[in-house]
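Since every read-out is calculated from the coordinates, none of them should be taken as a lab result. All of these numbers come straight from a predicted model, not from anything done at the bench. Backbone-built Cβ (ideal geometry, glycine too); neighbour counts: all protein chains shown.
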Amino acid sequence: MFIQTESTPNPATLKFLPGRDVMGDGRVADFADAEAAAASPLARRLFQVEGVTGVFLGSDFVTVTKAEGEWQHLKPALLGAIMEHFTSGAPILQEGGSGTDVHAAHEGDDAEIVDQIKDLLDTRVRPAVAQDGGDITFQGYDNGIVYLNMQGACAGCPSSTITLKRGVENMLRHYVPEVTEVRQV
């Protein structure tokens, strides 16, 4: 098994590409600490590596966030943990464990607007953000304000605020005139 790695715009986060599905399409899982990772054998393994502070599981990638230290010291242990997990045949999530469904339904008066926002996020924003080892998920819409959550490499990234305001907000305002602002949750 060959696992590729890619740097991300967040210097504290590294993206691992195992060459196979991790969560599959439409689902992600974000773990901020070892306790939160209880439902994921893969995330638990990664948190056993000293210095790991976050694990994000995307469609076909894993991003790991470190507290400090050099990647050259952490990377071999992380590659080993990922390889061991995939060769063991263990599930990514245990039964009853759930990732986030990024296509959750929304009902109400604003359903059409929300559907437009989600479609734009899915087709134009999420693929670009995934290339950087993260994800952006829709959290809500209220009176022209779109609430989004940055995950993985994008959470805590120095450029995430610029991405939200200059990129995502401008694009949503252009295509969906009802949108007046984007806020990070």
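Here are some notes:
- Using Cβ point charges alone (K and R +1, D and E -1), the dipole size of the chain about the Cα centre works out to roughly 680 debye.
- For the chain, lysine pairs separated by 8 or more sequence positions, or belonging to different chains, with Cα-Cα distances below 18 Å total 4.
- Simple Cβ-charge dipole of region 4-88, Lys/Arg +1 and Asp/Glu -1, about Cα centre, in debye nearest 20: 140 debye
- Estimated distance in nm for a label pair at Asp142 and Ala67, the labels positioned 7 Å out from Cα along Cα-to-Cβ: 3.5 nm
- Helix 111-120 and the long axis of the chain differ in direction by around 50°, with both axes built from C-alpha atoms.
- Rounded if a/c under 1.5, otherwise prolate or oblate - region 4-88, Cα gyration tensor axes: rounded
- Normalised alpha carbon radius of gyration of the chain [divisor 2.2 N^0.38 Å]: 1.06
- Extension gain, Glu35 back to Ser159 (0.36 nm per residue minus Cα-Cα distance, nm): 41.8 nm
- Highest to lowest packing among 84-90, 179-185, scored as the average C-beta count within 10 Å: 179-185, 84-90
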